[in-house]
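Novice: After the structure tokens below, expect a handful of questions from me.
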Amino acid sequence: MHPSLKKLILVILPIITLIFSFTMGRYAIAIPDLFNTVYQHFFADNRGTNFDTVVFNIRLPRILAAMLVGAALSTAGAAYQGMFKNPLVSPDILGASAGAGFGACLGIFFAQSGVVIQFSAFLFGLIAVFLTYFINVKFNFEPTLGLVLGGMLVSNLFASGTGAIKYFADANDTLPAITFWLMGSLSSVNKQDLLMILIPMAVGFITLFLVRWQLNVLAFGEEEARTLGINTKRLRLIVIISSTLITSASVSISGMIGWVGLVIPHLARSIVGPNYKTLLPVTFVLGATYLLLVDDLARCLGTVEAPLGILTSLIGVPFFILIFKRNIKGWK
Amino acid sequence: MLEVKNISYSYGPCKVLHDISFKVESGELMCVLGPNGCGKTTLLKNILGLLSPSVGSIWIDGQEIRKLSPKQLAQVMAYIPQEHTPPFPYTVFDVVLMGRTAYLASNLSVPGKKDEAIAEEALADLNITYLKDKIYTKISGGERQLVLIARALVQQPKLLVMDEPTSSLDFGKQNVVLEHARNLSRKGISILMVTHDPGHALFCADQVVTMKKGRLLKIGTPQEVISEESMQEMYGTEVKIGNICLPDERNIRVCVPVPTLTQGISA
């Protein structure tokens, strides 16, 4: 890819997307007004206007949430793809999403309070992956195969749990709430939600970023990685914990959002190559930009908001076919 | 350098290695010969620290490998696997640079300028600088094997462990790889090479170990160990060993299988 095209995609596109995301929506804000509002907010202490409310209380949390979730799912996907030596792996492989989905349903069923739902989703995401890891250790299998198998079992277990809750849920209010949550959306995200996920997100991102060179070596397989000086068991555990933290945290505020974690690492790889030293930060930026764009679409496409999870799949699948066709040449 | 002391290894109830002992001195090229399933690969994995012997111990440079961390081990011993294809299209330079992992200041660093210089030097040593920016998954099998040797060299090891390094290479490339192995041992690196071909051992080994059914049969120079009788016993097929005198008056020994069918063999 031409260097200036790379720069366009990796630097200019994210900035433009960010700026335009603030202007778009039911309540349109012109770019000069946007800059003026930001100026007034920070330097003139003028925070009561409609513009200010829309920009800082409504759009800012949502934009940050979209970027964080997009970055989280993509980064976790990229890390897992290396760890499993398989480019078709996505962040839900160890059951984090299924567990978090179940946790959210449980929260909606019993409490219906936003904080409880979010916390329960996060907690069950962690529990699911812990179970997967436990099954793997019990089986004492070839390390990655056991994890994949454990992830399948646990995902199915929690999916049937979700099914059971839906079956017992009140068809007038609880069931629609559950269904809507599972479709994935960022429409109800507020500042408190963001504060809650900040710590697990930060811990996960920073850790994955720090081990990014080692991820390269792990992609060469268990035995080679060990003879190159990597404590593979410890590194795998670090990758699993970090990815689970960021995946569960994002599912807990956004619901199920598919395909981002599979598609974006591919896109990033086709632009900067597979070396995690650059791949991981680029995946982060692209994931954030991509989900922000799709969420803008979800906000602005029609009179009723489109569910984000459905849009990501609708856009993700054709997009994936496009990139995959390009990337697959390198594998043969 | 490397000392294997009375090791046995079992996969569950199945004993794969029986009381094996040998030594590899500094700068020595040792070939391990044996038929399929004789335990060569299991022996290798024990030496690499990927498996732990059930009985006995393995020492490298005066230290027992069980007591070394993966990082310490990778600084004294490098492994060259059979030719393989990773799932992602890394550049050749990235692959070679991965050999520096054990030398990074912490587990969280990435290779720096000094590591890059060492990687460049290794590529130059093997005459493959032209491959530097190529995609590792797209070069030929022989080239990939040379890249793996370069990756092992940047580990600056005292011992190089090679698992059938020539198994998927064409006739010419096999000799290139064996010549490089020979060269490296002359520079003082000990080499332990598992091979299926007695010809390779005659071509480049200082010492040969032969194995069958998890037991060590013989150890010694190629002249002592590789005879028509011993090869016949090991592989269960008739072989002839002959001398060829080269124009520069060097004598080399070759080992060829004897065809049982008489038809169609050209005189």
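Coordinate-derived values only; no laboratory data. In this text the structure is predicted, and so the values were computed from the model without any measurement. So basically every Cβ, Gly included, is an ideal-geometry build from the backbone, and we count neighbours across all protein chains shown.
Novice: Distance between Cα centroids, region B:18-43 to region B:74-110: provide it in whole Å.
Specialist: Their Cα centres are 25 Å away from one another.
Novice: Placing unit charges on C-beta atoms (Lys and Arg positive, Asp and Glu negative, everything else neutral), compute the dipole magnitude of region B:77-156 about its Cα centre in debye, rounded to 20. Don't jump to the answer; show the numbers that get you there.
Specialist: Numbers: 8 positive and 9 negative charges, 24 e Å.
Once rounded to the nearest 20, the dipole reads 120 debye.
Novice: Another question, if that's okay. Is there a pair in A:K85/B:K71; A:K85/A:K166; A:K138/B:K15; A:K325/B:K134; B:K134/B:K187; B:K23/B:K113 whose C-alpha atoms are over 30 Å apart, and which pairs would that be? Write down the numbers at each step before the final one.
Specialist: Details: A:K85/B:K71 22 Å; A:K85/A:K166 36 Å; A:K138/B:K15 24 Å; A:K325/B:K134 20 Å; B:K134/B:K187 28 Å; B:K23/B:K113 37 Å.
Checking Cα-Cα distances, A:K85/A:K166; B:K23/B:K113 exceed 30 Å.
Novice: Then there's this: Residue by residue through A:218-226, how many Cβ atoms from other chains fall within 10 Å of the Cβ on average?
Specialist: Across the residues of A:218-226, the mean count of other-chain Cβ atoms within 10 Å is 5.
Novice: A further question follows. Below 8 Å, C-alpha to C-alpha, sequence gap of six or more: please give me the relative contact order for chain A in percent.
Specialist: Values: 491 pairs, mean separation 90.6, N = 332.
Normalised by residue count, the contact order of chain A is 27 percent.
Novice: Using a Cα-Cα cut-off of under 15 Å, which aspartates and glutamates could be cross-linked to A:K233, ignoring same-chain neighbours fewer than 8 residues away?
Specialist: Those aspartates and glutamates meeting the cut-off are A:E142, A:E222, A:E223, A:E224.
Novice: Taking the mean number of other Cβ atoms within 10 Å as a proxy for protection, how do you rank A:96-109, B:40-53 from highest to lowest? If you can, show how the numbers build up before the last one.
Specialist: Working: A:96-109: 27.6, B:40-53: 20.4.
Descending packing order for the listed peptides: A:96-109, B:40-53.
Novice: Once you average over the residues of B:80-88, how many Cβ atoms of partner chains fall within 10 Å of each Cβ?
Specialist: For peptide B:80-88, the averaged partner shielding equals 6.
Novice: At 222 nm, what value in deg cm²/dmol follows for chain A if DSSP H runs of at least 4 each add -39500 (n - 2.57) and the sum is divided by all its residues, to the nearest 500? If you can, show how the numbers build up before the last one.
Specialist: On the way: 15 runs with 240 residues, N = 332.
One gets -24000 deg cm²/dmol as the mean residue ellipticity at 222 nm.
Novice: How would you classify the protein assembly as shown from its alpha-carbon gyration tensor, with a ≥ b ≥ c the square roots of the eigenvalues: rounded for a/c under 1.5, else prolate if a/b is greater than b/c, otherwise oblate? Show your work: numbers first, answer last.
Specialist: Numbers: a/c = 2.82, a/b = 2.18, b/c = 1.29.
Taking the square roots of the gyration eigenvalues as a ≥ b ≥ c, the protein assembly as shown is prolate.
Novice: A further question follows. Answer rounded, prolate or oblate for chain B, using the Cα gyration tensor with square roots of eigenvalues a ≥ b ≥ c: rounded when a/c is under 1.5, else prolate when a/b is larger than b/c, else oblate. Walk me through the intermediate numbers first.
Specialist: Details: a/c = 1.91, a/b = 1.28, b/c = 1.49.
Note, shape of chain B comes out oblate.
Novice: Taking the Cα centre of each part, how many Å lie between region B:50-73 and region A:278-300?
Specialist: The two parts, judged by their Cα centres, are 47 Å apart.
Novice: Would you grab the residues whose amide H sits under 5 Å from the one on A:L186? Only those 5+ places off in sequence or on another chain, please, with H modelled 1.01 Å from N.
Specialist: Residues meeting the amide H criterion: A:L308.
Novice: Let me ask something additional. Compare the Cα positions of B:T129, B:M211, A:I230 along the charge dipole of the protein assembly as shown (+1 at Cβ of Lys, Arg; -1 at Cβ of Asp, Glu; about the Cα centre) and return the one farthest towards the positive end.
Specialist: Of the candidates, A:I230 comes out farthest on the positive side.
Novice: Kindly provide the chymotrypsin sites (Phe, Trp or Tyr not before Pro) of region A:178-271 that DSSP labels as loop, not H, G, I, E or B, and whose Cβ sees at most 13 other Cβ atoms within 10 Å. Intermediate values should be presented prior to the final figure.
Specialist: Details: sites: A:F180, A:W181, A:F205, A:F209, A:W213, A:F220, A:W259; in loops: A:F220, A:W259.
Hits after loop and neighbour filter: nothing returned.
Novice: Please report the net charge: other residues with Cβ closer than 14 Å to the Cβ of B:S106, K and R +1, D and E -1. If you can, show how the numbers build up before the last one.
Specialist: Values: positive: A:R212, A:R234, B:K71, B:R100; negative: B:D115.
For residues surrounding B:S106, the net value is +3.
Novice: Between region B:186-218 and region A:181-254, what's the alpha-carbon centroid distance in Å?
Specialist: The distance from the Cα centre of region B:186-218 to that of region A:181-254 comes to 45 Å.
Novice: Another question, then. Among B:249-259, B:201-211, A:300-310, what's the highest-first ranking by average C-beta atoms within 10 angstrom per residue? Mind dumping the intermediate values first?
Specialist: Values: B:249-259: 11.4, B:201-211: 22.6, A:300-310: 14.8.
Top to bottom by mean Cβ count within 10 Å: B:201-211, A:300-310, B:249-259.
Novice: I need A:V116, B:V194 ordered by Cβ neighbour count within 10 Å, fewest first.
Specialist: Details: A:V116 16, B:V194 22.
Taking fewest neighbouring Cβ atoms as first place, the list is A:V116, B:V194.
Novice: For chain B, what does the helix formula give at 222 nm: sum of -39500 (n - 2.57) over DSSP H segments with n ≥ 4, over the residue count, nearest 500 deg cm²/dmol? Write out the running numbers ahead of the final one.
Specialist: On the way: 9 runs with 82 residues, N = 267.
-8500 deg cm²/dmol, from helical runs alone.
Novice: Taking θ = phi - 60°, what integer Hz values does the Karplus form 6.51 cos²θ - 1.76 cosθ + 1.60 yield along region B:22-34, in sequence order, with x for Gly and Pro?
Specialist: In residue order, the calculated couplings are 6, 10, 10, 7, 4, x, 9, 9, 10, 9, 9, 10, x Hz.
Novice: Sorted from fewest to most neighbouring beta carbons within 10 Å, what does the list B:D197, A:D295 look like?
Specialist: Working: B:D197 16, A:D295 29.
Ordered from fewest to most neighbouring Cβ atoms within 10 Å, B:D197, A:D295 come out as B:D197, A:D295.
Novice: Moving on. Pick from A:R62, A:R212, A:R47: which is most flexible by mean-square fluctuation in a GNM of chain A where alpha carbon atoms under 10 Å apart are linked?
Specialist: Top of the fluctuation ranking is A:R47.
Novice: Mind checking A:206-216 for the average number of partner chain beta-carbons within 10 Å of each residue's beta-carbon?
Specialist: Numbers: counts 0, 1, 0, 1, 5, 2, 2, 10, 7, 0, 9.
Partner Cβ neighbours, averaged per residue: 3.
Novice: Taking the Cβ-Cβ separation of A:H2 and A:L157 as r and a Förster radius of 56 Å, what is the calculated FRET efficiency to the nearest 0.05?
Specialist: Numbers: r = 48 Å, r/R0 = 0.86.
After rounding to 0.05, the efficiency reads 0.70.
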